Amino acid sequence: MSGIFKAYDIRGIYGQELTNAVAYDIGRAYATLTGAKTVVIGRDCRPHSVPLQAALTRGLTEQGANVVDIGLCSTPMNYYANGSLGADGSIMITASHNPAEWNGFKLCRASAVPISGATGIADIERIIADKAFAPAAATPGTVTQHDILPAYKAHIAPFIDFARRPKLAIDYANGMGIPESQTFAEAVDQTALYGDIDGSFPNHEANPLHHATLAKLQETVRAGQYDFGVAFDGDADRAGFVDEKGEIIPMDLITALIAQDVLSREKGVIFYDLRSSRVVKEVIEAAGGTPMMSRVGHAFIKAQMREHNALFAGELSGHYYFRDNYVAESSSLAVISLCNIVTRAGKPLSELIAPLRKYACSGEINSKVACDPKEILARLKARYADGHVFELDGVSVEYPTWWFNVRCSNTEPLVRLNLESTKSREEMEARRDEVLALIRQ
């Protein structure tokens, strides 16, 4: 069972390590750990999300917690419900982009503050292993149903500022982007791909980070007159984008564009994850914002955003965080921001992105290693000691015309390299090969 307790959530293959009995124990342990009296629960469309919710609810209510059941929803809707209803916490039943046989739980305290491995998931694992649950309540908690969509739509509506009606192609991957997109559906013309909810994900993996999953969206956009295309992941806390020519847009460049829209309304701090192109920092500064670099992972980013009252943050994986959505993801706000920009600019998205594609990036390169990854980080620090070395997340080194970051995977014997040259593709390729040789030696 220990394998399901991850750095950011609880996740595993249903019926194996993750069972209804485990879900019941997680409900009891969550209530024991947090003392929550009111907990929002939502679920994605996987068939086994229903029995998992029933077991989880039984565990929570036996401990005296009242459950607010918001039913089928996206993860951003779950976060919004947590904050707007003044709950003591929330649990989203989902395995996000994982295949259909997987499921899991994303846990939060009040105000949608995430519970990570370091801030509670390991404690929940320990409580279950030791059977250290608090005594069952004399009076069990209650269960009430609540439709959060009308309030979520009303919350998102003021951000719509289109100069004209945009035309979008949207790949829902049969997932939770379908309810999530109801926030803007009436304001756009759209062609829907895989727009029927189906938790078996029969058409393709619901993961816009895998470029192969975007092929049908690209084909659709190229065959029509669209402003851009959108691809949601399984629980709709991430979104990927293609321009009007069907070209995939790197997610850090989407961060830069959304930052411009956010900063057009209010100036303040914008976070970008440390793997992002340096053009992101430049765009934020040019728009009058204060750029700040963050480490990777939603629990860390949200904590940093709260500390600095940041307006927005973007992650290379396609998570877009908004202060105005309880410092949590809202993929619909990301779509709306792009629509705001494109319809007001009078230029196609490809022209708006073109100036941002000015540096040569390696993309994230994974290397499976036989030795302790920490030995590799030490080796890199020694070799590049003449650069600006910092350890916000793994090891980062900056030089006048290039930089790199190397991080260790939380779950596998992998190290991940991101490298960029602000000078030329030739320098990027030479430095990439140089650093990879040190990693893989």
Answer with one residue from Pro114, Ala169, Ala138: the one whose Cα lies farthest towards the positive end of the charge dipole of segment 106-177, charges on Cβ with Lys, Arg +1 and Asp, Glu -1. Ala169
With +1 on each Lys and Arg Cβ and -1 on each Asp and Glu Cβ, how big is the dipole of the chain about its Cα centre, in debye rounded to the nearest 20? 500
I need the fraction of alpha carbon pairs in the chain separated by more than 38 Å, rounded to a whole percent. 22
Viscosity 1.306 mPa s, 10 °C: Kirkwood-radius Stokes-Einstein D of segment 71-115 over Cα pairs, µm²/s: 148
Mind checking segment 119-223 for trypsin sites (Lys or Arg not before Pro) that DSSP puts in a loop (not H, G, I, E or B) and that have at most 10 other Cβ atoms within 10 Å? Lys131
Kirkwood-based Rg to Rh ratio, segment 1-125, C-alpha trace: 0.91
Percent of alpha carbon pairs in segment 177-321 separated by more than 24 Å? 36
When ranked by the protection proxy of mean other Cβ atoms within 10 Å per residue, highest first, what sequence do the peptides 294-305, 14-25 form? 294-305, 14-25
Which value at 222 nm does the chain reach when only helices count, each DSSP H run of 4 or more adding -39,500 (n - 2.57), with the total divided by all residues and rounded to the nearest 500 deg cm²/dmol? -10500 deg cm²/dmol
Of His155, His211, ordered by accessible area with the largest first and a 1.4 Å probe, the sequence is His211, His155
Taking every pair of alpha-carbon atoms in segment 29-95, what share in percent sits in each 10 Å bin, from 0 to the bin with the longest distance? 24, 56, 20
Which of the listed residues, Ile365, Leu377, Tyr79, is farthest toward the dipole's positive end in the chain, when Lys, Arg count +1 and Asp, Glu count -1 at the beta-carbon? Leu377
In whole angstrom, and with the biggest value first, how far do the Cα coordinates of segment 159-232 range along each principal axis? 37, 26, 19
Provide, as a two-decimal number, the C-alpha radius of gyration of segment 387-441 over 2.2 N^0.38 Å, N being how many residues it has. 1.14
Quick check: pseudo-label points 7 Å beyond the Cα along Cα→Cβ at Thr144 and Arg379, how many nm apart are they? 5.9
Once the dipole of the chain is set up from charges on Cβ (+1 Lys and Arg, -1 Asp and Glu), the residue from the list Cys339, Val67, Leu419 lying farthest towards its positive end is Leu419
Could you tell me what percent of the accessible area of the chain is made up of carbon and sulfur, with a 1.4 Å probe and every protein chain present? 51
Go through Lys358/Lys423; Lys302/Lys358; Lys281/Lys374; Lys167/Lys358; Lys281/Lys358 and tell me which ones have a Cα-Cα distance over 18 Å in this structure. Lys302/Lys358; Lys281/Lys374; Lys167/Lys358
Ordering of 77-85, 329-337 by burial proxy (mean other Cβ atoms within 10 Å per residue, highest first): 329-337, 77-85
Where nothing but the Cβ of Lys and Arg (+1) and of Asp and Glu (-1) is charged, how large is the charge dipole of segment 126-194 around its Cα centre, in debye to the nearest 20? 100
Whole-Hz ³J(HN,Hα) from phi, Karplus 6.51 cos²θ - 1.76 cosθ + 1.60, for segment 319-326, glycine and proline x: 7, 10, 9, 10, 3, 6, 10, 6
Antiparallel bridge percentage (DSSP; both residues within the chain; nearest 5): 55
Just to confirm, what accessible area per residue do you get for the chain at 1.4 Å probe, in whole Å²? 38
Tell me the accessible surface of Trp102 in square angstrom (1.4 angstrom probe, heavy atoms of protein chains only), to the nearest ten. 60
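The values are calculated or read from the model by the stated rules, or taken from the named source; none is laboratory data. The model shown is predicted, which means the values in this text are computed figures rather than measured ones. Neighbour counts run over all protein chains shown; Cβ positions are idealised from the backbone, glycine included. Heavy atoms of the whole protein, side chains included, go into the accessibility calculation; ligands, DNA and RNA do not. Shrake-Rupley method; radii C 1.70, N 1.55, O 1.52, S 1.80 Å.
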